[in-house]
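Comments concern the structure below.
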Amino acid sequence: ALNDVVQEQLKSGGANLDSDLLKLLLIRNLTATGSQSLQVNQSASNVANQLKWQQLGKDLQPSLLIDGSNFPAWSVSLKDIVGSVVSDHEYFKVDKSKGNLPTSNGVLAIIKFSVDPALRSSLNGMTAYGAFTSLKERFAPPPGLSFYVAGLTLRRPQTHQTLYRRANKPSKG
């Protein structure tokens, strides 16, 4: 309705515009501009935050290779950086995407930008938890196998039989 009045006044050259109507139009214009400015600032802030999350992913070492052969080392690094950033070192234990969508999207950006580019499309449409779980199911070695992680070789737990043989092995001497 207000826009119709303004359009009508503009057609007549604004001859009937009084100071109160001019004040109202000015306030409306300033409010709309402020609101648009706020939206632009929020969008710019969201973009800046997303770029920071992406950079964390790019900086994560090692990045996940296309064959996933370095998954154990990559997942240790990923959990460390995510735990530090979100102050939750158990972040991937359960899906937390519904609780804090911006954080979940940020963690997803870290994951996507820390994997081989050929793997990224397979993560589309997933939450951070879903992406990590998918990569884990695809690349994590089965429990009990030896693998190399952050300078430590982890070996399959010894069975009782192995321990018994070692304990009963004749000593050299």
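For this structure, a couple of remarks:
- Candidates are the residues of the stretch 51-80 that are within 17 Å of the chain's Cα centre (by Cα) and among the hydrophobic types (A, V, I, L, M, F, W, C); the one that is surrounded by the most Cβ atoms within 10 Å (Cβ to Cβ) is Leu78.
- Residue in the stretch 16-30 that is surrounded by 10 or more Cβ atoms within 10 Å (Cβ to Cβ), modelled with pLDDT under 90 and not in a helix (DSSP H, G or I) present: yes
- Verdict on Leu119 being in contact with a helix residue (DSSP H, G or I) (Cβ under 8 Å, 6 or more places away or on another chain), without any contact (Cβ under 8 Å) to a residue 40 or more places away in the chain and not basic (Lys, Arg): no
- Flag for Thr103 being in contact with a helix residue (DSSP H, G or I) (Cβ under 8 Å, 6 or more places away or on another chain), crowded, with 17+ Cβ neighbours inside 10 Å and over 22 Å from Arg138 (Cα atoms): yes
- Condition check for Gly57: within 23 Å of Asn46 (Cβ to Cβ), touching a Ser or Thr at 6+ places or on another chain (Cβ under 6 Å) and part of a helix (DSSP H, G or I): yes
The values are calculated or read from the model by the stated rules, or taken from the named source; none is laboratory data. What you see is a predicted model, and the numbers here were worked out from it, not measured in a lab. In this analysis, Cβ positions are derived from the backbone assuming ideal geometry, glycine residues included, and neighbour counts consider all displayed protein chains.
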